[in-house]
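For reference, the structure is listed below as structure tokens.
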Amino acid sequence: MIDAKIKTLLTLEQLGSYTHTAEVLSLTQPAVSHHIRLLEEEYGIRIFVKSKNKLKPTAEGEVLLNYARQAMALSEGVRQAIEDSRRDIRSLTVGITPTASDILVPQVLAAYCNEHPSTHIQIVRDTIGNIDSMLSFYELDFAIVDGMIRNAATDSFLLGTDYLGLVVSPKHDFAKRTSVTIEEIQGENLVLRPKNAETRKLFESYITSHGYMMRDFNIIMELDSVSNIKEIVMANLGISILSHNVCLDEEKRGDMVIVPIENCQMVRPINLIYPRDFAHPDILKDIRESYARHFSRG
């Protein structure tokens, strides 16, 4: 069971206000201050300092907060495991990067749940950096990401690979081409993912390594929604750089065309990342097989 002082600490760090923390936890403000003071005395540190009317953790305070988050996640995990045991089910929290989500990974997990009716999966969609942090704090059971996480406490295996391609409407002049050059793309209206998206970062990395700059391209719009980008492309209002796997259905229906870019390889791995002490290796094996079946069809 988590010490009440730890709950107070984490709530205060989240809200940044002694008054709001007291209201949320149904405590008095002096009680909140007392909890923090007891923790500071116990560990011989100062946890917070005031910075521009906000609470900011000290270096030692951040260390304590990291362990407190981990302890809270483990405590909630124990409660969930006990409840699962009573109900004879298995609950999993899975982190997925936005691009992994777009390439039908949730459908793969849904197929797994259909094959294993006693399994319930909660998906957390976040950046690869935040997913790395959540894995460290045991807030996730495992994750599926486009790219790789370097974390000494985790292992991984390759689920598959994906690559980025130029996607255009069947009505676009490029649709009948066997390939296009980067220079030709510069003259087109581009609709891209935001700068923090892994797809965008990979594209920018590629063009930078070949001597180009993003300002050399006519980017008319940036959207986080892959579905909206695909709708714009299908309406022939712009072209885009997207994951091939994201566009499989539209490509099969003839609604979009993926055109190779000359001398361009933007390949990325899709990896399953899991803690080294993950207790259910059978789940990972089954999901790997489910992923392989899903993407081998057609």
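The values are calculated or read from the model by the stated rules, or taken from the named source; none is laboratory data. Since we're looking at a predicted model, the values are computed, not measured. Methodologically, a virtual Cβ is constructed for each residue, glycine included, from the backbone with ideal geometry; neighbour enumeration extends over all protein chains shown.
Every residue, every condition in (1) of a type in the set (S, T, N, Q); (2) free of Cβ contacts under 8 Å to residues at least 60 places away in the same chain, yes or no:
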position	(1), (2)
Tyr138	no, no
Asp141	no, no
Met148	no, no
Phe157	no, no
Leu164	no, no
Phe174	no, no
Glu183	no, yes
Asn196	yes, no
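Give, as residue ranges, the strands (runs of 3 or more DSSP E) completely inside the stretch 110-200 that count at least 2 residues that are of a type in the set (Gly, Ala, Ser) and surrounded by 14 or more Cβ atoms within 10 Å (Cβ to Cβ).
Fully inside the stretch 110-200 and qualifying: 154-168.
Tell me which helices (runs of 4 or more DSSP H) are completely within the stretch 1-56 and hold 2 or more residues being out of contact with any Ser or Thr (no Cβ under 7 Å at 6 or more places or on another chain), over 19 Å from Ser75 (Cα atoms) and at pLDDT 85 or above, or say none if there are none. Break it down stepwise before answering.
On the way: elements: 4-15, 18-24, 29-43.
In the stretch 1-56, 18-24, 29-43 are the helices (runs of 4 or more DSSP H) which contain 2 or more residues that are out of contact with any Ser or Thr (no Cβ under 7 Å at 6 or more places or on another chain), over 19 Å from Ser75 (Cα atoms) and at pLDDT 85 or above.
Among the residues of the stretch 209-225, are any in contact with a Ser or Thr (Cβ under 9 Å, 6 or more places away or on another chain) and crowded, with 20+ Cβ neighbours inside 10 Å?
No, that holds for no residue.
Within the stretch 218-256, can you find the residues that are under 19 Å from Lys195 (Cβ atoms), at pLDDT 90 or above and in a loop (DSSP other than H, G, I, E, B)? Quick ask: steps written out before the conclusion?
Restricting attention to the stretch 218-256, the residues satisfying the condition of being under 19 Å from Lys195 (Cβ atoms) are 218-226, 228-229, 232, 238-243, 246.
If we keep only those that are at pLDDT 90 or above too, we end up with 218-223, 228-229, 232, 238-242.
If the condition is that a residue be under 19 Å from Lys195 (Cβ atoms), at pLDDT 90 or above and in a loop (DSSP other than H, G, I, E, B), then Leu223, Gly238 are the ones that fit.
If I go through the stretch 172-231 residue by residue, how many of them are within 28 Å of Asn130 (Cα to Cα) and among the aromatic types (Phe, Trp, Tyr)?
2
Would you say Leu64 is assigned to a helix (DSSP H, G or I), without any contact (Cβ under 8 Å) to a residue 60 or more places away in the chain and under 14 Å from Lys7 (Cα atoms)? Spell out the reasoning first.
Values: assigned to a helix (DSSP H, G or I): yes; without any contact (Cβ under 8 Å) to a residue 60 or more places away in the chain: yes; under 14 Å from Lys7 (Cα atoms): yes.
Taking the combined requirement at face value, the residue satisfies it.
Is the stretch 152-172 home to any residue that is polar (S, T, N, Q) and more than 30 Å from Phe278 (Cα to Cα)? Outline the logic, then answer.
First pass over the stretch 152-172, keeping only residues polar (S, T, N, Q): 154, 156, 161, 169.
Those left that are additionally more than 30 Å from Phe278 (Cα to Cα): 169.
Within the stretch 152-172, one or more residues are polar (S, T, N, Q) and more than 30 Å from Phe278 (Cα to Cα).
Looking at the stretch 1-49 only, could you name the residues that are hydrophobic (A, V, I, L, M, F, W, C), surrounded by 19 or more Cβ atoms within 10 Å (Cβ to Cβ) and touching a residue at least 40 places away in the same chain (Cβ under 8 Å)?
Listed by number, the residues that qualify are Ile6, Leu9, Leu12.
Would you mind telling me which numbered condition in (1) part of a helix (DSSP H, G or I); (2) of a type in the set (Phe, Trp, Tyr); (3) over 15 Å from Val167 (Cβ atoms) Phe278 fails?
Condition not satisfied by Phe278: (1).
Can you name the condition, by its number, that Glu41 falls short on among (1) farther than 25 Å from Ile131 by Cβ; (2) within 29 Å of the chain's Cα centre (by Cα)?
With (1) farther than 25 Å from Ile131 by Cβ; (2) within 29 Å of the chain's Cα centre (by Cα) applied to Glu41, the lone miss is (2).
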